[in-house]
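The structure appears below as structure tokens.
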Amino acid sequence: MASNHPGSKRRHIELGSSDETVANIDSWARFLVIEAKDHEPIKLNPFAISKAIQGYCGEVKNVTRLRSGSLLVECVRKQQSLNLLSISQFANIEVVVSEHRTLNSCRGIVRDRTRSLSDMSEQEIADELQTQGVSAVKRFSRKKDDSTFEPTNTYLFTFARSSIPQSIKAGYVNIGVEVYVPNPLRCFRCQHFGHGSKSCNRSVVCQRCGDNHESTDCQQALKCANCDGKHMASSKLCPIWQNESKILKIKCEKNITFGEARQLFKSQSPPQSTLNYSAAVSKPVQSSSVSCQTELTWVKSDRPLATAPAIEHDKSDAKITAPPSTSQAASQTPPEPTTTASVKRSNRERKKLGKKQLPRNPSPSVVPLQNSYSALDMEVTPSSENSGRSSSSSRSRERSPIEPP
């Protein structure tokens, strides 16, 4: 039993040291920038650059040429980073190797719901969590109704590593870490997104009206310089600002580059219309009818309505004629329909044509009966009883009505 105690104690010490190394495994700089000492672009072919880097530190993960002509090197191991930071000459060129400003660190949101860190200052929290890769701590505050600020239980942690951990251990308390999504970077000079005013070479654009002048003391109407909307360029209602915010969220959540996040956002979002705001507002609204498509209610039908032609006669020639009998109507064929152009004639047209062309006594118009059955050809001889009944019925009909008393 006594022999087991030293072994177990040694094993406990080794586990503690290994845990400490695991906690500090991501605290070294993964991304380094190799820049010429005279700030000129490094004019070397890719084969010479690759051989020089392999000679100093071996095979690295990735090498990228920046816009300024410098080299961005992504290391795989900590020793590679230390070897590159110690060099001062790179392929017969005097260089300066430094850590990248933003790629070697990440930020996360920590919500202290149990208020375990409320009594500690920001520097004290950073010092206690330094072994877990925390390099800086900032506590958020909010404004009250009386224009004073009070601290909240939400913190912004900066980690000296390329990706945020899932949680941190503050003593005996485990606190989760969320992804921090910053606001889109907007240039104060040209009002466009994606760069700052220090690296902008464009002309000055007003933040309020979008014209080419300074934003101070501008009293013109609101007009966004990015989407031509009726708001300022810094407004969160701008659709360009909202799209840039979504792209940043994809970049932070998936831990990818900004270009890859933009391509992923374009593939996920539906195609947008190319019309600007003024053209979309002035475009007429197309409306459609919802009525029943029948001959009675559908107004836009191409089928003409069946209407009887109106026959006009002169007042002097108008006569009242008795309707023909059923046999005459059955024997006569219905007249051919006349067009409205030949029937509708005004008095002036009659005078122009003259009385010789028109007959003085026009024949009376025959009104056809709408009866689909022809007359019955049969003879009926009334009997004596029927004649007596008919005579009595006729007498009763001829009697005058009884007057009331």
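Here are the numbers:
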{"quantity": "Some residue of the stretch 148-169 being farther than 30 Å from Cys57 by Cα, in contact (Cβ under 8 Å) with a residue 40 or more places away in the chain, assigned to a loop (DSSP other than H, G, I, E, B) and not acidic (Asp, Glu)", "calculated": "no"}
{"quantity": "The lone exception for Lys169 - which of (1) exposed (fewer than 14 other Cβ atoms within 10 Å of the Cβ); (2) at pLDDT below 90 it fails", "calculated": "(2)"}
{"quantity": "Tally of residues being part of a helix (DSSP H, G or I) and modelled with pLDDT of 90 or more across the stretch 14-56", "calculated": "11"}
{"quantity": "Identity of the residue in the stretch 76-104, assigned to a loop (DSSP other than H, G, I, E, B) and out of contact with any strand residue (DSSP E or B) (no Cβ under 7 Å at 6 or more places or on another chain), that ends up farthest from Ala29 (Cα to Cα)", "calculated": "Asn92"}
{"quantity": "Which listed residue, of Val63, Val95, is over 25 Å from Thr257 (Cα atoms) and modelled with pLDDT of 90 or more", "calculated": "Val95"}
{"quantity": "Residue pairs meeting the criteria (Cβ under 7 Å; at least 6 apart or on separate chains; first touching a residue at least 60 places away in the same chain (Cβ under 8 Å), in the stretch 182-205; second hydrophobic (A, V, I, L, M, F, W, C) and not in a loop (DSSP other than H, G, I, E, B))", "calculated": "Pro182/Leu248; Pro184/Phe193; Pro184/Trp241; Pro184/Leu248"}
{"quantity": "Qualifying residue in the stretch 194-209 (condition: within 30 Å of Gln263 (Cβ to Cβ), among the charged types (D, E, K, R) and surrounded by fewer than 18 Cβ atoms within 10 Å (Cβ to Cβ))", "calculated": "yes"}
{"quantity": "Tally of residues being of a type in the set (S, T, N, Q) and modelled with pLDDT under 90 across the stretch 66-87", "calculated": "1"}
{"quantity": "Those residues of the stretch 210-229 which are in contact (Cβ under 8 Å) with a residue 24 or more places away in the chain and out of contact with any Gly (no Cβ under 8 Å at 6 or more places or on another chain), in sequence order", "calculated": "Asn226, Cys227, Gly229"}
{"quantity": "The stretch 89-113 residues that are without any contact (Cβ under 8 Å) to a residue 60 or more places away in the chain and among the polar types (S, T, N, Q), paired with ones that are assigned to a strand (DSSP E or B) and crowded, with 16+ Cβ neighbours inside 10 Å (beta carbon under 6 Å, 6 or more apart)", "calculated": "Ser105/Thr158"}
{"quantity": "Filter result for Glu150 (farther than 24 Å from Glu244 by Cα, surrounded by 13 or more Cβ atoms within 10 Å (Cβ to Cβ), assigned by TED's automatic domain parsing to the domain that holds Val110 and acidic (Asp, Glu))", "calculated": "no"}
{"quantity": "Test for Arg115: is it surrounded by fewer than 13 Cβ atoms within 10 Å (Cβ to Cβ) and on the phi > 0 side of the Ramachandran plot", "calculated": "yes"}
{"quantity": "The stretch 125-141, residues that are closer than 16 Å to Ile109 by Cα and not polar (S, T, N, Q)", "calculated": "Ile125, Ala126, Leu129, Gly133, Val134, Ala136, Val137, Lys138, Arg139, Phe140"}
{"quantity": "Given (1) at pLDDT below 90; (2) in contact with a strand residue (DSSP E or B) (Cβ under 7 Å, 6 or more places away or on another chain); (3) among the basic types (Lys, Arg), index of the condition Arg139 fails", "calculated": "(1)"}
{"quantity": "Single residue of the stretch 189-220 satisfying the filter (farther than 21 Å from Arg67 by Cα, at pLDDT 90 or above and among the hydrophobic types (A, V, I, L, M, F, W, C)) that is farthest from the chain's Cα centre (by Cα)", "calculated": "Val204"}
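The values are calculated or read from the model by the stated rules, or taken from the named source; none is laboratory data. Predicted, not measured: the structure shown is a model, and the values here were computed from it. Cβ sites come from the backbone with ideal geometry, for glycine too, and all protein chains shown count toward neighbours.
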